[in-house]
Amino acid sequence: MSPDELLYSKEHEWLRTGDGVIGITHHAQDELGEVVYVELPKVGDKFDSGDTFGTVESVKAVSELFMPVSGEVVAINEGLTDAPESVNQDPYGKGWMIRIKVRDTAETGQLMSAKAYDAYVAEKE
Amino acid sequence: MSDNKRTALYETHKRLKARLIPFGGWDMPVEYSGIAREHAAVRTAAGLFDVSHMGEFELRGPQALELIQSVTTNDASRLVDGQAQYSALTYPEGTVVDDLLVYRHSADHYMLVVNASNIDKDFEWIRSHNRFNAEIENISDRITLLSVQGPKSLEVLRSIIKLPLADIPYYHFRRGKVLEADAILSRTGYTGEDGFEIYFSTEFSESIWNAILDAGNSAGLLPAGLGARNTLRLEAKLLLYGNDMDQTTTMLEAGLGWIVKLDKGEFIGRDALAKEKQSGPKRKLVGFEMLGREIARDHYPACIDGIEVGHVTSGSPSITLKKNIGLAYLPVQHTGAGTKFQVSMRGRFCDAQVVPTPFYKRKGN
C-alpha cells in the first residue's frame, strides 16, 4: 500500500505536494533491486514534466528518473551519495531524491492518488 | 502468459518468490533474495543455480571425435574418459558460433553443453557438418542442470551424495547417483569458485533441488539467480556469448586464443585464425574499471579523445571488489593495462582504465 499523502506518476515517481519532495516508489525500488548509485541534478536546474532529472543504477540495470511535474530543483538528497541503499530501505523517507519548486500546481492533476497507483501497479503485474 | 520456455523448476522458483525474467527464450529466475546477497553467498559459502536452460547434445559413434574436432577449436583428442573441456564452435572467418563444454564419456560417446539461446543454431550447425556418420541427439528438454558453486559446495554436496566428490579434479566429472537419479557430477562452473554442475533427468528436479537447499542451509547456501551468475562470471572474466563474443568477433579478439589449437588438424575457422594469429588481432577484449561512480553497461561507446573507438560488452558493479568493472573491445594499441579511455553515457564521457584480468581470482587457485 502506497502512502496516502503522496501523488504518483506512471513512471513510478512520487511527489509530496506540500514541500515538492520527489522520490521513487516502493514498487520501483523493488523492480530495480539493490540500488548502488543515484545520479541527481544540480540545485537550480529546471525541468518540464516528463523530463529526465537523473538516473538510478542498481546492480542489474540503469533506470532514468522522470519529473512528475515541472519545476526547479531547490535541494537534492546528498545522503544518497554514501548511502544509495536508502532508496531500497526507505523509498518514501531517507531515500527521497530531490525537492522542487513546483511551477504550476495544476499539473498535479495528472498524477494518481495512492489508491489509483496501487491499482495501476496491480494491473501491470 | 509468455511464449517463453520454462525449466522443470519454474513453479519451485515462483514459490521461492524469485523474480523471473525472459532470458534467451526462457523465463528464468534473475534473483531470489537480492543479487548482491546471492553473489556474496557464492564467494563465501555456496549458491544453488537452476541453469537447465542450457542445452545438451549427445554425440555417439566411432567418428564422433572427428566430428567434434572438425567443428570445435580446442583439441578434444586430449580428453580422457571423465574429462571436460572448454571449447568453441567457429565460423570459417574465425568468429564465434558459440562457446561450449565438451564432455568425454568414452572414446565414442561425448556430450556437448551449449548456450540456451543457441541450442537450435548449434544443433543445426553440427548436424550440417556431420560427414562422420555420428549420431547426434539434442537431449536438452530432458535434462535438469543444477550448479552448486562456492567454497562450501563440496561440503554441502558430500552430505547427500555418496561419491568421492573430493577426488573429482577441476574440469572432470563422474557418473553416479544423486538421490534416486542417475547423474553426471562435473567439477565445473561459471562463477570463478570451486563448484559442481549436476546433470540429471527432469523428473527428479524438485527433490534434488530441495535436498541441496536443505543440505546447504546451515552452511549458508542460498538459491541464486542469473543476476548473481552474471556478476560472478564477470568478476572471473568468463565470457558471455552474445555480449562479449558472437558471430562478429573472432576468437583471438575475444581473448580465447588459449582454446584455439591450430596444431590439432583441420577445423572450421582454422585458416582464418592462423592468419589472424600471424598478423595479430586489430582489436581486443579488455577488462576495465570505471574511475568514478558511474557504471558502464552493455553497448555503451568506448572513446578516446572524444572519438568512439570501441564499445562495452559487459559492465556491472563488482560486488566483491566494490568497484565498477566491465569488458570492452578496444583497438589493440589501446589495450595495455593502465590505458585510460572514456565510456560515453547519457551525453557524458566517464573515465575508465584498462586493468589486468581476471578481476577476481579465488585463493589457492
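The values are calculated or read from the model by the stated rules, or taken from the named source; none is laboratory data. Here the structure is a predicted model, which means the values were calculated and not measured. Backbone-built Cβ (ideal geometry, glycine too); neighbour counts: all protein chains shown.
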Residue within region A:95-106 that is in contact (Cβ under 8 Å) with a residue 24 or more places away in the chain, within 25 Å of residue B:37 (Cα to Cα) and within 13 Å of chain B (Cβ to nearest Cβ) present: no
Selection status of residue B:191, buried (at least 20 other Cβ atoms within 10 Å of the Cβ) and farther than 24 Å from residue B:160 by Cβ: no
Candidate set: region A:1-56, residues that are part of a strand (DSSP E or B) and free of Cβ contacts under 8 Å to residues at least 24 places away in the same chain; chosen: the one farthest from the other protein chains (Cβ to nearest Cβ): A:16
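This table checks each residue for (1) over 21 Å from residue B:218 (Cα atoms); (2) crowded, with 19+ Cβ neighbours inside 10 Å; (3) in contact (Cβ under 8 Å) with a residue 60 or more places away in the chain; (4) hydrophobic (A, V, I, L, M, F, W, C).
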position	(1), (2), (3), (4)
B:23	yes, no, yes, yes
B:26	yes, yes, yes, yes
B:38	no, yes, yes, no
B:41	no, yes, yes, yes
B:46	no, yes, yes, yes
Some residue of region B:24-45 being more than 19 Å from the chain's Cα centre (by Cα), at pLDDT 95 or above, part of a loop (DSSP other than H, G, I, E, B) and away from chain A (no Cβ under 14 Å): yes
Selected residue (criterion: modelled with the highest pLDDT) from residues of region B:326-350 that are surrounded by 13 or more Cβ atoms within 10 Å (Cβ to Cβ) and within 12 Å of another protein chain (Cβ to nearest Cβ): B:350
Positions within region B:76-101 being in a strand (DSSP E or B) and either under 20 Å from residue B:252 (Cβ atoms) or aromatic (Phe, Trp, Tyr) (or both), in sequence order: B:85, B:86, B:87, B:88, B:89, B:90, B:95, B:96, B:97, B:98, B:99, B:100
Some residue of region A:104-125 being in contact with a Gly (Cβ under 8 Å, 6 or more places away or on another chain), more than 15 Å from residue A:36 (Cβ to Cβ) and not in a helix (DSSP H, G or I): no
Which listed residue, of B:118, B:138, is in contact (Cβ under 8 Å) with a residue 60 or more places away in the chain, out of contact with any Leu (no Cβ under 9 Å at 6 or more places or on another chain) and of a type in the set (S, T, N, Q): B:138
Close pairs (6 angstrom Cβ cut-off, 6 or more residues apart or separate chains): without any contact (Cβ under 8 Å) to a residue 60 or more places away in the chain and under 15 Å from residue B:195 (Cβ atoms) in region B:213-231, outside any helix (DSSP H, G or I) and of a type in the set (Val, Ile, Thr) anywhere: B:215/B:160
In region B:13-23, residue farthest from residue B:361 (Cα to Cα) [restricted to those that are within 12 Å of chain A (Cβ to nearest Cβ) and not hydrophobic (A, V, I, L, M, F, W, C)]: B:17
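To keep it simple, each residue is scored yes or no on (1) within 20 Å of residue B:359 (Cα to Cα); (2) within 14 Å of chain A (Cβ to nearest Cβ); (3) among the small types (Gly, Ala, Ser).
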| position | (1), (2), (3) |
| --- | --- |
| B:287 | yes, no, yes |
| B:297 | yes, yes, no |
| B:302 | yes, no, yes |
| B:309 | no, no, no |
| B:315 | yes, yes, yes |
Filtered residue count, region B:235-258, keeping only those that are among the charged types (D, E, K, R), under 17 Å from the mean Cα position of the chain (by Cα) and more than 20 Å from residue B:361 (Cβ to Cβ): 1
Single condition residue B:61 does not satisfy, out of (1) buried (at least 18 other Cβ atoms within 10 Å of the Cβ); (2) away from every other protein chain (no Cβ under 14 Å); (3) touching an Asp or Glu at 6+ places or on another chain (Cβ under 6 Å); (4) not β-branched (Val, Ile, Thr): (1)
Failed criterion for residue A:71 (all others in (1) within 14 Å of chain B (Cβ to nearest Cβ); (2) farther than 16 Å from residue A:25 by Cα; (3) surrounded by 14 or more Cβ atoms within 10 Å (Cβ to Cβ) hold): (1)
